[in-house]
Amino acid sequence: MTSQAEAAGTAVEGCVFIGLSVDGFIARLDGDLEWLTDRGEAAGDAGFRDFVASVDAVLMGRGTYDVIAGFDRWPYQDRPVHVLSTSMTPGEDARVTVHGDLEDALAALARDGRRRVYVDGGRAVQACLAAGVVREMTLSRVPVLIGTGETLFGPLPRDVDLKHVRTEVLGGGMVQTTYAVLPREDEDD
Ligand SMILES: NC(=O)c1ccc[n+]([C@@H]2O[C@H](COP(=O)([O-])OP(=O)(O)OC[C@H]3O[C@@H](n4cnc5c(N)ncnc54)[C@H](OP(=O)(O)O)[C@@H]3O)[C@@H](O)[C@H]2O)c1
């Protein structure tokens, strides 16, 4: 079986860089992120700027776009930003390209020659993991349990094998770990 990236004729490598609680949440159910930003402050930007500089493009879910669009500063440098959404109107924000499904987004990224792609947002990450598109994950856990919220991980069609790459303890007790996602046995890498 081929992954959606292969089906789209590309070698898009999804990279995740995301902050979460120790119990695995990326936002409270009402969208609140203060539990993360307050505790993450002592870690500075935690390598985010260098990470963005390392990618060719950004692919995010509409939930994440809604939050970022309200920020004073657009954090993606000059990288092209693609948004997955069935409810946004293409062209409503000139800074982004909207796609109604993942396959369409992957095809567009491939056409543009974008290989290393920052995937952001809980549902978008889950879709990319399930599609076999994610190649690297940097998870920054702040020391708190929040009990409930938006989850980063969810059901998968099969196990995803990971290889530990590095772990660093940053300011405020943030523990940042990078994993490589190992290719499936039926995949050529
Ligand atoms: N902790 C962190 O570092 C971090 C990072 C990023 C985001 N967040 C937070 O996480 C929350 C957003 O996450 P989220 O779970 O809502 O996920 P999300 O992936 O950002 O957004 C979900 C929406 O994206 C669209 N979407 C996602 N996958 C799709 C697919 N395969 N095909 C078509 N559309 C797709 C859908 O939009 P439509 O409904 O328009 O179809 C869906 O409702 C926000 O509160 C944000 O602040 C936190």
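Please treat every number below as a calculation from the coordinates, not as lab data. Since the model is a prediction, treat every value here as computed from it, not as a measurement. Here the Cβ is made from the backbone with ideal geometry for all residues, glycine too, and neighbour counts use every protein chain on show.
Structure data summary
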quantity	calculated
Estimated [θ] at 222 nm from DSSP helical runs (n ≥ 4, -39500 (n - 2.57)) normalised by residues in the chain, nearest 500	-6000 deg cm²/dmol
Residues whose placed amide H lies under 5 Å from that of Val98, excluding near-sequence neighbours	Val83, Gly91
Estimated distance in nm for a label pair at Arg166 and Phe71, the labels positioned 7 Å out from Cα along Cα-to-Cβ	2.2
Among 70-77, 97-104, the order from most to least packed when residues are scored by Cβ within 10 Å on average	97-104, 70-77
Contour minus Cα-Cα distance for Val144 and Val22 (0.36 nm per residue)	43.3 nm
Phi-based couplings in Hz for the stretch 72-79 (Karplus 6.51, -1.76, 1.60; Gly and Pro marked x)	5, 10, 7, x, 9, 6, 9, 6
Average projected area [Cα convex hull, the chain], square nanometres	10.6
Percent of beta bridges antiparallel (DSSP, the stretch 4-181, rounded to nearest 5)	40
Whole-Hz couplings from phi, Karplus 6.51/-1.76/1.60, listed for the stretch 80-97; x for Gly and Pro	x, 10, 10, 10, 8, 6, 9, 10, 7, 8, x, x, 6, 9, 5, 7, 10, 10
Neighbourhood charge, 12 Å Cβ-Cβ cut-off, centred on Phe17 and excluding it, Lys, Arg +1 and Asp, Glu -1	-2
³J(HN,Hα) computed for each position of the stretch 35-50 - Karplus, 6.51 cos²θ - 1.76 cosθ + 1.60, integer Hz, glycine/proline x	4, 8, 5, 4, 6, x, 4, 5, 8, x, 8, 6, x, 4, 4, 5
Cα-centre dipole for the chain with unit charges at Cβ (Lys and Arg positive, Asp and Glu negative), debye to 20	220
The stretch 41-128 shape via C-alpha gyration tensor axes, a/c threshold 1.5	prolate
Amide H contacts of Arg28 (H built 1.01 Å from N, under 5 Å, at least 5 apart or other chain)	Glu150
Relative contact order [Cα under 8 Å, 6+ residues apart], the chain, whole percent	35
